[in-house]
Amino acid sequence: MSFESVLDAATELLKRRRGVTYRLLQREFGLDDAALADLKDELILAQRLARDEDGVVLVWAAHPGPAEASVAERRRLTVMFCDLVGSTKLSTRLDPEDLRDVVRSYHEECAAVLRPTGGHIAQYLGDGILVYFGYPLANEDDAERAVRAGLAIVQAVRHLSARLSMQMAGGLAVRVGIHTGLVVIGDLGDANQPGTLALGEAPNIAAHIQSVATPDSVLVSQATLDLLPPRFITEDLGPVVLKDPAHPVRLARVAGELDGQLPRSARPKLVDPSGHLRDLQTAWARVRGGAGLTLLIRGEAGLGKTRLADELVAEVQACHSPVRVLRCSAFHRHSALHPIAQHLLQRAGLNPDAPGEDTLQRLLALQRADGINNTDTLPLLAALVGTEAPRSTSDLPLLAALVGTEAPRSTSEMQPAALMQALQQLLVDWLAAVVQTDAALMVWEDVHWADPSTLAVIRRLVEGQATAGLLTLLTSRPDFSAAWEEGSCQTVALQRMGSNAIRHVIQQVAVGRALAPALVDRIVSTAEGVPLYAEQITRSVLDSASDPVQIEMPATLHDSLMARLDRMGPAKQVAQTAALSGREFSTDLLAAVCSLSLAMGRGELERSLQQLTQGDVLQALRRSCRRWPSSAAGSPSCRLRAGPSTDRTS
């Protein structure tokens with residue numbers, strides 16, 4: 001197949017699916033890295049048909065044709081509005097050309113922050129920026145992404161202000177407002193100047209929230225705050241009148257993010273019908289006896305991977321044994337050794353902007369606390385956490401003064417590959433030193449998001465198994481492909497719970513409050529065996545003023561489902577169409593509707609249903625057939641999973 005043919009086929013595939021991973025393109029068309037790079041340049045730069053997301057996904061970005069222009073979709077978006085403070089006064093102090101340069105630099109800084117977080121810039125409004133999180137592709141953590149991006153924009157504008165201080169009087173500051181709500185998003189404007197905008201209260205509320213924020217602050221609504229994990233530092237501002245005095249909006253200021261292990265708050269007792277915690281405890285007992293073990297807890301979101309790891313962490317800490325918890329992040333999948341660098345910064349009590357001398361002093365103290373006296377490692381550690389101090393020869397006298405000996409070697413002349421190898425070996429050796437005095441637990445959370453360099457470190461630990469007294473505990477989603485040899489670690493596979501176990505989960509959450517048996521049955525049915533779903537639905541029910549007639553799907557679960565649907569191409573439209581029939585439907589009825597509304601044949605429909613079933617969005621019901629899918633087996637029925645779905649977005 002010629003490259004032009006590949007380009008045409010890839011364009012059609014991208015247009016049809018709206019988003020494809022680079023891995024899929026390589027597999028589908030047999031592309032090597034160079035050919036993939038050429039294809040990417042053609043689609044993004046030459047044809048302007050696509051845009052890159054996180055270096056992982058290509059997203060269709062061409063303007064829709066007339067037949068597509070009227071299509072709109074109900075979605076739950078997290079909307080951000082950010083605006084420069086005092087831009088009017090700034091315009092009176094600066095020449096228009098200088099003002100243009102400042103605003104352009106501000107836009108570039110914001111875009112650089114938003115790009116890796118998945119923020120979609122809908123509009124530039126002078127010095128204001130309207131951003132959507134959850135479009136065109138939803139993520140299960142869009143609210144968290146928006147808040148992280150808002151905090152990063154504040155820091156980026158501060159740094160920009162410092163860089164421009166020689167050119168302008170005063171400084172730059174930004175206000176950020178964030179709100180989550182239901183919108184209808186689609187194309188507006190005429191065919192010559194189309195634009196995709198979200199209509200509804202959410203964008204207006206985000207803009208009003210921004211208007212009441214103080215300079216260099218991030219304000220969020222209660223709707224967004226409810227979706228954030230507890231590691232964010234927030235200040236409740238109470239109900240604030242934005243526009244309508246009769247309907248104030250409860251706001252909170254987000255000040256930052258907690259480092260390290262989160263405090264153990266009061267939470268329901270662990271329900272563990274399969275005895276997985278007992279397996280972890282057994283492994284820890286073996287490690288305390290001198291063994292070196294690796295366990296991988298594998299399971300889909302919501303089954304309790306982190307909860308199990310937290311329970312073991314608490315027990316190990318109670319024994320006063322060393323514990324190291326490192327978290328891989330979807331926001332830093334392309335930042336080498338990011339979870340390790342963050343862990344070191346947290347343990348040393350540093351931030352990335354700390355002065356070089358302070359960084360070196362704290363890293364030196366951290367080394368010595370862990371029994372490492374080799375000062376040659378200081379430049380490596382400083383390079384890892386991002387300080388500039390050890391990267392040039394002129395800084396070596398500072399290092400020598402700190403360590404009280406001759407200057408350690410500089411990393412400035414090391415090749416990147418050699419530097420990375422040295423860092424990886426240093427980290428493995430450091431762990432070996434830590435476990436010399438006592439058995440230790442090292443937890444790597446969400447390794448499906450780990451960068452390649454971090455995975456290389458983990459692989460050394462897993463395959464080496466030479467670190468006696470170390471239990472390496474990993475957590476991952478089911479689609480994670482381990483980089484180490486098979487058999488190097490034991491797998492603890494989590495499955496959805498049975499109805500009795502889910503009832504126990506509900507009882508633990510509702511302790512002290514009675515729920516009607518029929519209501520419990522509805523929660524069990526809706527949770528579909530996922531304990532996190534059961535917890536969140538139960539809390540939602542307990543917070544409601546009265547016994548709900550229909551259980552609403554919590555926003556956190558909605559985002560998780562939408563993220564899966566957005567990556568399923570045409571199968572998403574099938575799920576949306578099926579949802580109009582209710583939670584259960586027959587394939588014959590769906591085939592009739594899809595043939596009319598989507599012009600979809602039976603074969604394509606069955607492929608989409610198979611994809612939705614494999615993606616755990618649909619569940620085949622075996623009431624009228626023994627095989628799935630099979631048009632020859634009568635009219636099989638199936639059920640939409642993960643909650644009620646009268647809303648088309650479900």
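The values are calculated or read from the model by the stated rules, or taken from the named source; none is laboratory data. The structure displayed is predicted, hence computed values, not measured ones. For neighbour counting, all protein chains shown are included, and Cβ atoms are generated from backbone atoms with ideal geometry for every residue, glycine included. Accessible surface areas use protein heavy atoms only, side chains included; no ligands, DNA or RNA. Shrake-Rupley method; radii C 1.70, N 1.55, O 1.52, S 1.80 Å.
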Keeping to the stretch 223-236, report how many residues are open to solvent by 60 Å² or more (accessible area, probe 1.4 Å) and not charged (D, E, K, R). 3
I need the full set of residues from the stretch 244-261 which are assigned to a loop (DSSP other than H, G, I, E, B) and either surrounded by fewer than 12 Cβ atoms within 10 Å (Cβ to Cβ) or small (G, A, S) (or both), in order please. D244, P245, A246, H247, G260
For L396, indicate whether it is of a type in the set (A, V, I, L, M, F, W, C), open to solvent by 20 Å² or more (accessible area, probe 1.4 Å) and either touching a helix residue (DSSP H, G or I) at 6+ places or on another chain (Cβ under 9 Å) or modelled with pLDDT under 70 (or both). yes
Give the residue, chosen from A301, A291, A309, A383, that is part of a helix (DSSP H, G or I) and either in contact with an Asp or Glu (Cβ under 9 Å, 6 or more places away or on another chain) or modelled with pLDDT of 80 or more (or both). A309
Out of the residues in the stretch 507-538 that are touching a residue at least 60 places away in the same chain (Cβ under 8 Å) and among the hydroxyl-bearing types (S, T, Y), which is farthest from M497 (Cα to Cα)? T526
Is it true that G634 is open to solvent by 20 Å² or more (accessible area, probe 1.4 Å), more than 22 Å from E73 (Cα to Cα) and modelled with pLDDT of 75 or more? no
Over the stretch 595-604, the set of residues open to solvent by less than 60 Å² (accessible area, probe 1.4 Å), over 16 Å from L565 (Cβ atoms) and not small (G, A, S) is M600
Scanning the stretch 557-585 residue by residue, the ones that are surrounded by fewer than 18 Cβ atoms within 10 Å (Cβ to Cβ) and either at pLDDT below 70 or part of a strand (DSSP E or B) (or both) total 1
Say we look at the stretch 84-134 and pick out the residues that are hydroxyl-bearing (S, T, Y) and at pLDDT 85 or above; which of these is nearest to L565 (Cα to Cα)? Y132
Please list, ordered by first then second residue, the pairs with beta carbon atoms under 6 Å, 6 or more apart or interchain, first in the stretch 602-628 and hydrophobic (A, V, I, L, M, F, W, C), second surrounded by fewer than 16 Cβ atoms within 10 Å (Cβ to Cβ) and at pLDDT below 75. C625/A633; C625/G634
Considering the stretch 89-134 alone, what residues qualify as being open to solvent by 50 Å² or more (accessible area, probe 1.4 Å) and either over 21 Å from V218 (Cα atoms) or touching a Ser or Thr at 6+ places or on another chain (Cβ under 8 Å) (or both)? K89, S91, T92, R93, D95, P96, E97, D98, R100, D101, R104, G126
Within the stretch 70-77, does at least one residue satisfy the condition of being at pLDDT below 75, among the polar types (S, T, N, Q), open to solvent by 30 Å² or more (accessible area, probe 1.4 Å) and under 22 Å from H120 (Cβ atoms)? yes
Of the numbered conditions (1) open to solvent by 60 Å² or more (accessible area, probe 1.4 Å); (2) in contact with a helix residue (DSSP H, G or I) (Cβ under 6 Å, 6 or more places away or on another chain); (3) outside any strand (DSSP E or B), Q281 satisfies every one except a single condition; which is it? (2)
